[in-house]
Amino acid sequence: MHGLTQNQLHQEGDTPVAVARNMNQLFSGQVLCSDSPQDGFWLDVLYEAADLIPTFELKPLEVLVGREAASDIYRLMPTTRHHRAFHDATALMEACRAFFEA
């Protein structure tokens, strides 16, 4: 999905503990928005591997804005063939801004 090999992850990636601690520091006390149910699953996998508890919440967009608004926001997002977390998060943020500014 991400186009990364296991070798790349081992050579260039951080440990689950380092990633989870960094996320806890960056997002402590905040509510993060997700456009995919898989994100919650993978966040759980990360924190279980790190043996830590997140200091923030991750909620689906539908929970934060309702199903109808979420559908409208998703329609504003560009369709892409490859998953890139930063690009996907930025696209979701821009679609939310466009929806709420309209």
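The values are calculated or read from the model by the stated rules, or taken from the named source; none is laboratory data. What you are looking at is a predicted structure, and each value in this text was computed from that prediction instead of being measured. Every residue, glycine as well, gets a Cβ built from its backbone with ideal geometry; the counts of neighbours run over all protein chains shown.
Scanning the range 5-51 for residues that are assigned to a loop (DSSP other than H, G, I, E, B) and either small (Gly, Ala, Ser) or closer than 21 Å to MET93 by Cα (or both) turns up GLY13, SER28, GLY29, GLN30, ASP35, SER36.
Taken over the range 52-73, residues that are in a helix (DSSP H, G or I) and under 15 Å from the mean Cα position of the chain (by Cα) amount to 4.
Picking from residues in the range 18-37 that are surrounded by 17 or more Cβ atoms within 10 Å (Cβ to Cβ) and within 30 Å of SER71 (Cβ to Cβ), the one that is modelled with the lowest pLDDT is ASP35. Of all residue pairs spaced 6 or more apart or on separate chains, those with beta-carbon atoms under 7 Å, a first member in the range 1-26 that is closer than 22 Å to PRO54 by Cα and a second member that is modelled with pLDDT of 90 or more and not in a loop (DSSP other than H, G, I, E, B) are PRO16/LEU46; PRO16/ALA49; PRO16/ALA50; VAL17/ALA50; VAL19/LEU46; ALA20/LEU46; ALA20/TYR47; ALA20/ALA50. In summary, VAL63 fulfils each of the numbered conditions (1) touching an Asp or Glu at 6+ places or on another chain (Cβ under 8 Å); (2) of a type in the set (Val, Ile, Thr); (3) within 20 Å of MET93 (Cβ to Cβ) with the single exception of condition (1).
For (1) surrounded by 13 or more Cβ atoms within 10 Å (Cβ to Cβ); (2) at pLDDT 85 or above; (3) of a type in the set (A, V, I, L, M, F, W, C), each residue gets a yes or a no:
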{"site": "ILE73", "(1), (2), (3)": "yes, no, yes"}
{"site": "THR80", "(1), (2), (3)": "no, no, no"}
{"site": "ALA89", "(1), (2), (3)": "yes, no, yes"}
{"site": "GLU94", "(1), (2), (3)": "yes, no, no"}
